[in-house]
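Only one structure is covered here, and it is reproduced in the block below.
The values are calculated or read from the model by the stated rules, or taken from the named source; none is laboratory data. Everything numeric here is computed off the predicted structure, so don't read it as measured data. Every residue, glycine among them, receives a Cβ derived from its backbone with ideal geometry; neighbour counts consider all protein chains shown. Quick note on the areas: whole protein, heavy atoms, side chains included, nothing else; ligands and nucleic acids left out. Shrake-Rupley method; radii C 1.70, N 1.55, O 1.52, S 1.80 Å.
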Amino acid sequence: MLSLLSERVEQYDPTLYQAMVQEVSLHFFVLYPFIDDVITSPVEWVELYQKRYDNSFVETTEPSLNSKRMEEWMQRIDQELMDLV
């Protein structure tokens, strides 16, 4: 997933890429050992990060049910992390 993120973001915006890698790592830490159950499509998961942080990112297709479910997970993780602070 990190190579996919690198391919899609790093060459265009290295600073954004570094921020995204930090968040991805934190999300992976929180999701372990259930990561395979939550992230069912690495491409769609990376697109969620792009959608969140890259103002120039444009979705080419309608979000799938699977993508919506992963987005809900991402929001839950964010909320859990906020509750820890």
- Would you calculate a helix-derived [θ] at 222 nm for the chain, using -39,500 (n - 2.57) for each DSSP H run of n ≥ 4 and dividing by the full residue count, to the nearest 500? -21000 deg cm²/dmol
- Query: Residue farthest toward the positive end of the dipole of the stretch 1-79, with Cβ of Lys/Arg at +1 and Asp/Glu at -1: which of Val43, His27, Leu2?
  - Reply: His27
- Packing-wise, with mean Cβ within 10 Å as the measure, how do 65-72, 76-83 rank, highest first? 65-72, 76-83
- Note on the structure: Carbon and sulfur atoms account, in whole percent of the 1.4 Å probe accessible area of the chain, for 55 percent
- Message: Here are labelled values, (1) 1.29; (2) 0.94; (3) 1.32, and one is the computed Rg/Rh (Cα atoms, Kirkwood Rh) for what I pasted. Which one?
- Response: (2)
- To the nearest 20 debye, what charge dipole does the chain have about its Cα centre, counting +1 at the Cβ of each Lys and Arg and -1 at the Cβ of each Asp and Glu? 20 debye
- Item | Heavy-atom surface of the chain, accessible at 1.4 Å and reported per residue (Å²) | 69 Å²
